[in-house]
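What follows is a set of notes on a single structure, which appears directly below.
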Amino acid sequence: MSRESGRHTAVQDAVIVEFGPSIRALRSFSRLRRAGNSFEYPSTETPGPSRDDVHDAIWVAREVSDAAGKITGKRLRVSAG
Amino acid sequence: MQKASPPPPPLLPLLRSRLQAEILALVLLGPEQEWSLTGLASRSGASVSSVQREITPAEQAGVVQSRRLGSTRFVRAADSPLTAPLTELLLRSFGPRQVLAEALEGVEGIERAYLFGSWAARYAGEAGRPRADLDVLVIGAPDRAELDDAAQRAAGPLAQEVSVTIRSPAWWREGTDGFHADVTRRPLVPLFSGEESG
């Protein structure tokens, strides 16, 4: 099994099943989680994040945060800095 | 004096050559498709006579069947007790290039795509440990969600994780970081024809 198995996957799967069909950005969470794991456990075949990777991650975080805010009725803040 | 045979391919050393594996993978991993020998030669970069040499024992083993239409010989997967297990072996060993190419070809914004890392090294003939993840380098500016969906769809049948790294065409041409140096120094296997190998 992979090193990421079980890590946040239960929460991710539940959220995607419930809200993924209507909120596209939530489906990108899985992509970021896998990228995060690969950056956290670097190898000779795994490069660090590029500038575009970071911009993409911030965009997804904002979208997911906005979606979570709408679902829960609370405003959440995502800092880019 | 006997002519020296090429060494067996490290991705599946049970087979006698990479060409044999590639041709069997093309035919068996797309069981609904019928191939002309010329088509297989074109896809594998081999001569028609080399393709024919690989197809004949596969047909004798019953995993491939052929028919003639005029002067053209067409081949396709045959229904035999060996077909399913052999297809599974080819999928797990040589399948990544074919399965990933099919999955990614519909994603817009991909300028180039390569397998790199340990799978590419085994493909290029380097002996080594079995593969972990499949490492894919995409050059271009694709929709990241769409690309990820396509890559994850391919990961299922391949039974391996697919790790995609996206970089810009400018990075490909002029990159100076350590990853650029590593990836361009080591074997690269293009997913789409018309791209040079590394």
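The values are calculated or read from the model by the stated rules, or taken from the named source; none is laboratory data. The model shown is predicted, which means the values in this text are computed figures rather than measured ones. Backbone-built Cβ (ideal geometry, glycine too); neighbour counts: all protein chains shown. Accessible surface areas use protein heavy atoms only, side chains included; no ligands, DNA or RNA. Shrake-Rupley method; radii C 1.70, N 1.55, O 1.52, S 1.80 Å.
Looking only at residues in the range B:149-166 that are open to solvent by less than 20 Å² (accessible area, probe 1.4 Å) and not small (Gly, Ala, Ser), which one is farthest from B:Trp119 (Cα to Cα)?
Among those residues, the one meeting the criterion is B:Thr165.
Exactly one condition in (1) over 17 Å from B:Ala25 (Cβ atoms); (2) in contact (Cβ under 8 Å) with a residue 12 or more places away in the chain is not met by B:Gly70; state its number.
Looking at each condition in turn, B:Gly70 falls short on (2).
From the set of residues in the range A:40-55 that are at the interface with another protein chain (Cβ under 9 Å from one of its Cβ atoms) and open to solvent by 70 Å² or more (accessible area, probe 1.4 Å), which is modelled with the lowest pLDDT?
Ranking the candidates gives A:Thr44 first.
Does at least one position in the range B:179-187 carry a residue that is in a loop (DSSP other than H, G, I, E, B), open to solvent by less than 60 Å² (accessible area, probe 1.4 Å) and of a type in the set (A, V, I, L, M, F, W, C)?
no
Cβ-Cβ distance below 8 Å, separation of 6 or more or different chains: which pairs start in the range B:5-34 with a residue that is under 15 Å from B:Ala124 (Cα atoms) and hydroxyl-bearing (Ser, Thr, Tyr) and end on one that is open to solvent by less than 80 Å² (accessible area, probe 1.4 Å) and assigned to a loop (DSSP other than H, G, I, E, B)?
Close Cβ pairs (under 8 Å, with a partner that is open to solvent by less than 80 Å² (accessible area, probe 1.4 Å) and assigned to a loop (DSSP other than H, G, I, E, B)) amount to B:Ser17/B:Pro8; B:Ser17/B:Pro9.
For (1) touching an Asp or Glu at 6+ places or on another chain (Cβ under 8 Å); (2) at pLDDT 95 or above, each residue gets a yes or a no:
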| position | (1), (2) |
| --- | --- |
| B:Ala101 | no, no |
| B:Gly109 | yes, yes |
| B:Ala120 | yes, no |
| B:Ala124 | no, no |
| B:Pro130 | no, no |
| B:Ala145 | no, no |
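Somewhere in the range B:126-133, is a residue without any contact (Cβ under 8 Å) to a residue 24 or more places away in the chain, among the acidic types (Asp, Glu) and surrounded by 15 or more Cβ atoms within 10 Å (Cβ to Cβ)?
No: the range B:126-133 contains no residue that is without any contact (Cβ under 8 Å) to a residue 24 or more places away in the chain, among the acidic types (Asp, Glu) and surrounded by 15 or more Cβ atoms within 10 Å (Cβ to Cβ).
Could you pull out the residue among B:Gly140, B:Gly194 that is on the phi > 0 side of the Ramachandran plot, surrounded by fewer than 19 Cβ atoms within 10 Å (Cβ to Cβ), more than 10 Å from every other protein chain (Cβ to nearest Cβ) and at pLDDT below 90?
Being on the phi > 0 side of the Ramachandran plot, surrounded by fewer than 19 Cβ atoms within 10 Å (Cβ to Cβ), more than 10 Å from every other protein chain (Cβ to nearest Cβ) and at pLDDT below 90 holds for just one of B:Gly140, B:Gly194, which is B:Gly194.
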